[in-house]
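Asker: The structure's right below; bear with me while I get my questions together.
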Amino acid sequence: MDVIMPQLGETVTEGVVTKWYKKVGDAVKADEMLFDVETDKVSTEIPAPATGVISEILVEEGVTAKVGVRLAVIRESGPAPRPASGAPSASAAAPVTATVAATTPDRPLRTDSGAPVRFLDKAATQNRLSPVVRKLVAEHGLDPGRIPGTGRDGRITRDDVTAFIAGAVTAPGSAVAVAPVASAAAAAGTTVPLTSVRKRVAENMLKSWTTAPHVLQVAEADFHRVEQARRASGAQWKQREGFSLTYLPFIVRAVSIALAKYPRLNATFNGDSLTLHRRINIGIAVDLGSEGLVVPVIQDVPNKSLPQITREINELSNRARAGKLKPDEMAGGTYTITNNGAFGTVITAPIINQPQVAILSTDAIRKKPVVIEAAEGDSIAIRPIGVLAQSFDHRAIDGAYSASFLREVKTVIESRDWIQALSS
C-alpha cells in the first residue's frame, strides 16, 4: 500500500516530512504513528494506513513533498525486499538537494546546544525550505543563504530563522557576537521558549490581524430556555454520557441555523473573491494551556442532532488535549467559535481564523435582572444572560449583515424548544 502526503488543510499544497518513526524493514501496525509532517499551518503525526512491513521510504526527512505524492510503501504481507547489490537504497534515491557547508578558518560555528551549523548556497537553500521557514524568510526579507542551518544535512529550521532574526547566531566573519547580551527584561525573569504550537498560533494571528480589517459586534442573549433543558436533562445526561451538558453545543446548533440564513458569513477568502460554502463546518477552539490552541472542526453541523453535536464536541476536545487529533479533523472549517465563558470573561474580541471571514466568542453566562415584556404588562425576572461577540472581516460584509446574523442567533437561542431538541 502506498503512503501518500495527506491534505492538511484546504489551502495547503505541500508539507515537509520532519521525522520517520520507522525504517525500511520495520513492521508497522495500522494507525500506529508512522511519520511527522510540518506545513505552514500545522505540525502533526500521521498514522500508518495499513498493517505490514515498510518496504520503501521514497521521501527522506527534511524533504518537501506535494500533497498526494508517494512517501513510502507498506508491504501488507511478507518481508521487505533487500536491495540488490550495487543498487541505490531508498535513502540514496530520495530527491534531496545537495548542500554546501561553510566553515570558519578556525572551527565550524555551533549553536548554544553544541550542534554544528551549516550555511547553504542560496539555490540549494530555496529548494529545501519548508513552507513555514519559506514564509518567515519572505516576511522578514532575509537571504536564506546567510542563515545557519542546524537541521538534517544543514536544513534551515524555524528555530534557525528566529534565532538569526534575534541575532542568536551569525554568519562567519560577522562582527556581531554569537551569544547576544541578554536584555534587562530577560535578566529580570525567566525566558521561556515558545512551543511549536504557540509559534504557529502567533504567526497565524499576526497574519490575520494585519490582513483583515476586524470589526467587533456584541449582542446579549437570554439562555433561559437552554437552562431549562440543562436542568431537565443535565443529571441524566452526565450519568449516561460521563460528562456535563454545557451551553456550547446549544450555541453551535444556533449558529449553524443562523449561518444557513446568512451564507456570506459561512465563507472564506480566495484571493480577490469570496467562496460561499454549502457545508457548514464549525471549528471549536480548544485551549491547550501554555502550549497554545487548536481548532478541531465539526463537519456538516446542520445534519447532526443536538446530542450528536454535544458528543462530538466533547470527543474532539478530549483528543485535542491529548494530542491525538487526526489531520482531517482540523480541516475544512467554515466558521469558528471560541468559548471563553468558562473563565468568567465579559467580552472577548477574537481574531479571525483566516481565511474565514468571522469568528464568535461566547463569554460568561450570568444571572441578571431583565425586563420581560408580555401582553399583560412588563415584569422583571432573573435570567441567565450571555454575551455573543463576533469579529468579522469588513472586506466581506458590513455591520448590518453581521448584526442581523447575531440577532438570528439570539432569536434561536431564546425561542427554540431545547428540551425537545435534546431528545431527538
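The values are calculated or read from the model by the stated rules, or taken from the named source; none is laboratory data. The structure displayed is predicted, hence computed values, not measured ones. Here the Cβ is made from the backbone with ideal geometry for all residues, glycine too, and neighbour counts use every protein chain on show.
Asker: Is it the case that THR275 is hydroxyl-bearing (Ser, Thr, Tyr) and in contact with a Leu (Cβ under 9 Å, 6 or more places away or on another chain)?
Answerer: The answer is no for THR275.
Asker: Let me ask another. Under 8 Å by Cβ, and 6 or more places apart or on different chains, what pairs join a residue from region 274-291 that is in the same structural domain as ASP328 (by TED's automatic domain parsing) with one that is of a type in the set (D, E, K, R) and modelled with pLDDT of 95 or more?
Answerer: From region 274-291, the pairs are LEU274/ARG264; LEU276/ARG264; ARG279/ASP300; ILE280/ASP300; ASN281/ASP300.
Asker: Within region 368-389, does at least one residue satisfy the condition of being under 23 Å from LEU259 (Cβ atoms), acidic (Asp, Glu) and free of Cβ contacts under 8 Å to residues at least 40 places away in the same chain?
Answerer: Scanning region 368-389, I find no residue that is under 23 Å from LEU259 (Cβ atoms), acidic (Asp, Glu) and free of Cβ contacts under 8 Å to residues at least 40 places away in the same chain, so the answer is no.
Asker: Here is a follow-up. What pairs come up if the first residue lies in region 61-84 and is modelled with pLDDT under 85, the second is polar (S, T, N, Q) and part of a strand (DSSP E or B), and their beta carbons are under 7 Å apart, counting only those six or more places apart or on different chains?
Answerer: Qualifying pairs under 7 Å: ALA80/SER55; PRO81/SER55.
Asker: Next question. In the set ASN340, ASN314, ASN318, which member is closer than 25 Å to VAL197 by Cα and touching a strand residue (DSSP E or B) at 6+ places or on another chain (Cβ under 8 Å)?
Answerer: ASN340
Asker: Let me ask something else. I'd like to check something: does region 199-219 contain any residue that is closer than 28 Å to VAL346 by Cβ, crowded, with 17+ Cβ neighbours inside 10 Å, acidic (Asp, Glu) and in contact (Cβ under 8 Å) with a residue 24 or more places away in the chain?
Answerer: The answer is no; no qualifying residue exists.
Asker: Moving on to the next point. Considering only region 270-282, state which residues are modelled with pLDDT of 95 or more and not in a loop (DSSP other than H, G, I, E, B).
Answerer: If the condition is that a residue be modelled with pLDDT of 95 or more and not in a loop (DSSP other than H, G, I, E, B), then LEU276, ILE282 are the ones that fit.
Asker: For region 12-29: of the residues being over 19 Å from ARG155 (Cβ atoms) and modelled with pLDDT under 90, which is surrounded by the fewest Cβ atoms within 10 Å (Cβ to Cβ)?
Answerer: If we take residues in region 12-29 being over 19 Å from ARG155 (Cβ atoms) and modelled with pLDDT under 90, then THR13 is surrounded by the fewest Cβ atoms within 10 Å (Cβ to Cβ).
Asker: Within region 400-409, can one find any residue that is within 24 Å of GLY234 (Cα to Cα) and either surrounded by fewer than 16 Cβ atoms within 10 Å (Cβ to Cβ) or touching a residue at least 40 places away in the same chain (Cβ under 8 Å) (or both)?
Answerer: Yes: one or more hits.
Asker: Going through VAL17, VAL12, VAL59, VAL24 one at a time, which residue ends up being outside any loop (DSSP other than H, G, I, E, B) and of a type outside the set (Asp, Glu)?
Answerer: VAL17
Asker: Of (1) of a type in the set (A, V, I, L, M, F, W, C); (2) under 15 Å from the mean Cα position of the chain (by Cα); (3) assigned to a helix (DSSP H, G or I), ILE313 satisfies all except one. Which?
Answerer: Status for ILE313: all satisfied but (2).
Asker: Sticking with this one: Against the condition part of a loop (DSSP other than H, G, I, E, B), farther than 30 Å from ASN270 by Cβ, modelled with pLDDT under 95 and small (Gly, Ala, Ser), how does ALA375 come out, does it pass?
Answerer: For ALA375, the condition - part of a loop (DSSP other than H, G, I, E, B), farther than 30 Å from ASN270 by Cβ, modelled with pLDDT under 95 and small (Gly, Ala, Ser) - is met.
Asker: Could you check, for region 226-239, whether at least one of its residues is within 23 Å of the chain's Cα centre (by Cα) and outside any strand (DSSP E or B)?
Answerer: Scanning region 226-239, I find no residue that is within 23 Å of the chain's Cα centre (by Cα) and outside any strand (DSSP E or B), so the answer is no.
Asker: Within region 318-365, track down each residue that is farther than 19 Å from LEU288 by Cβ, surrounded by 15 or more Cβ atoms within 10 Å (Cβ to Cβ) and touching a residue at least 60 places away in the same chain (Cβ under 8 Å).
Answerer: GLY332, THR334, TYR335, ILE352, GLN354, PRO355, GLN356, VAL357, ALA358, LEU360, ILE365
Asker: Continuing with the same structure: Given the criterion surrounded by 19 or more Cβ atoms within 10 Å (Cβ to Cβ), at pLDDT below 50 and within 32 Å of the chain's Cα centre (by Cα), identify the matching residue among VAL42, VAL53, VAL37, VAL117.
Answerer: Result: VAL117 is the single residue among VAL42, VAL53, VAL37, VAL117 that is surrounded by 19 or more Cβ atoms within 10 Å (Cβ to Cβ), at pLDDT below 50 and within 32 Å of the chain's Cα centre (by Cα).
Asker: When you scan region 316-353, how many residues do you find that are under 30 Å from ASP31 (Cα atoms), small (Gly, Ala, Ser) and part of a helix (DSSP H, G or I)?
Answerer: Adding up the residues that qualify gives 2.
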